[in-house]
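Single-structure report; data block below.
The values are calculated or read from the model by the stated rules, or taken from the named source; none is laboratory data. This is a predicted model, so every value here is computed, not measured. Note: ideal-geometry Cβ built from the backbone for every residue, glycine included; neighbour counts use all protein chains shown. SASA here: full protein model, heavy atoms, side chains in, ligands and nucleic acids out. Shrake-Rupley method; radii C 1.70, N 1.55, O 1.52, S 1.80 Å.
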Amino acid sequence: MIRTIRRHPFRRSFGLILTAVTALLLASCGSAPSQVQSAAIIGDHVVRLDDVQAEIKWLLDHAPQAQQAQQQGRIDQVSSEIVRSRVVHELLAVAEERENLSVDETQVNELIEASGGLDEAARNIAVEPSRVRDVARDQLLLEQLGQHYQNRLSVHFVGAMVTQSDVQATDSEVARDLGRRIAADPANAEAILRDSGHRVVDQTVTLADALVQDPELAISAVFGAEEGSVVVIQPSQQQVGWLVALIKDRTVRPEADDQAEAQPIDPRLLYWAGLRQLQPIADELGVQINPRYGVWDDTGLAPAPSDDEVTGYQWESRTVQP
């Protein structure tokens, strides 16, 4: 049975696509001289700070979600979500070109109409009207991207679940230390795990199987990190503990096998699986966030308040050549 997944979009309705506004991380203050005119930098593309600020102003004038957030002192959450969605849009444009994706504009129109039309959709999903169509296309493209990789992607990882803590270190700190040790000596990953008293997990899993059997794993950084990376993440909302995993192999089969007997999957889950496949592009291009919105969380694919408050951690191991 599919377990609860964070931040589900609705099929054919914007619904919860951007209601992550109510659950996103708080942004920090300040600015960096190199980013003073930018809200985010993705590779060589800039998301202009003025554009983000103009959208915030529109939302405060028209969107109930933003107005409520302001009353509750949470307007920084709205700002962070605007930055996140704009970064995702830029990353998805790269994926769209590389993977030859396309969207039927009739479907975009239907999605907007099902959400009450342009102005109503803008108020409900908390984006300015000029971006509603982009957000609608992004939703459909992400579903398509998830399906595009569904029967093609498999990952082989070696790792362990870390649940213990003590007076000297939390479970997160224990997991991070273990991850750094494996990244420094990946050839001995299994020995490091065993010597640390952990049960070794050596697993090869396809995205298709994970979407059915373990959806939270399917949309996690395990399926987004590049081969040779070490990730430290919390793979489940229902269970405590951190997964420390060395991605030993990441295989994408040829596109000819893309649609081979693909098992039907909830489009909401395909959306998040597609979003996860933007992680390699983000890692390749690099994403920088204006410090007023925090830092870019590599494993969370969203702004985080600070380096100490990211949702997970990722390192390149010494198996990765510069």
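Pairs linking a residue in region 228-251 that is on the phi > 0 side of the Ramachandran plot and open to solvent by 20 Å² or more (accessible area, probe 1.4 Å) to a residue that is part of a strand (DSSP E or B) and modelled with pLDDT of 95 or more, with Cβ atoms under 8 Å and 6 or more positions apart or on different chains, do not occur. Considering only residues of region 30-64 that are modelled with pLDDT under 95 and of a type in the set (Ser, Thr, Tyr), which is least open to solvent (accessible area, probe 1.4 Å)? Residue satisfying both the conditions and the ranking: 31.
Scanning region 115-150 for residues that are modelled with pLDDT of 95 or more and touching a strand residue (DSSP E or B) at 6+ places or on another chain (Cβ under 8 Å) yields a total of 1. I'd like to know if region 301-316 contains one or more residues that are under 18 Å from residue 222 (Cβ atoms), open to solvent by 10 Å² or more (accessible area, probe 1.4 Å), charged (D, E, K, R) and within 13 Å of the chain's Cα centre (by Cα). No.
So which residues in region 114-126 are over 30 Å from residue 313 (Cα atoms) and either in contact with a helix residue (DSSP H, G or I) (Cβ under 8 Å, 6 or more places away or on another chain) or part of a helix (DSSP H, G or I) (or both), if there are any at all?
Result: 114, 115, 116, 118, 119, 120, 121, 122, 123, 124.
Is it true that some residue in region 280-288 is out of contact with any helix residue (DSSP H, G or I) (no Cβ under 6 Å at 6 or more places or on another chain), assigned to a loop (DSSP other than H, G, I, E, B) and free of Cβ contacts under 8 Å to residues at least 24 places away in the same chain? No - not one qualifying residue is present in region 280-288.
Tell me which residues, restricted to region 136-155, are open to solvent by 10 Å² or more (accessible area, probe 1.4 Å) and either more than 30 Å from residue 103 (Cβ to Cβ) or not in a helix (DSSP H, G or I) (or both). Residues satisfying the conditions are 151, 152, 154.
Assess whether residue 158 counts as being in a strand (DSSP E or B) and either at pLDDT 95 or above or aliphatic (A, V, I, L, M) (or both). Considered against the rule, which asks whether it is in a strand (DSSP E or B) and either at pLDDT 95 or above or aliphatic (A, V, I, L, M) (or both), residue 158 comes out as yes. Within region 201-209, can one find any residue that is closer than 20 Å to residue 149 by Cβ, charged (D, E, K, R) and out of contact with any His (no Cβ under 8 Å at 6 or more places or on another chain)? Yes, the conditions are met somewhere in region 201-209. Filtered by the rule that a residue be open to solvent by 10 Å² or more (accessible area, probe 1.4 Å), within 29 Å of residue 274 (Cα to Cα) and of a type outside the set (D, E, K, R), region 65-78 gives 65, 75, 77.
Total residues in region 161-188 satisfying the condition of being at pLDDT 95 or above, over 27 Å from residue 211 (Cα atoms) and either open to solvent by less than 80 Å² (accessible area, probe 1.4 Å) or within 24 Å of the chain's Cα centre (by Cα) (or both): the figure is 9.
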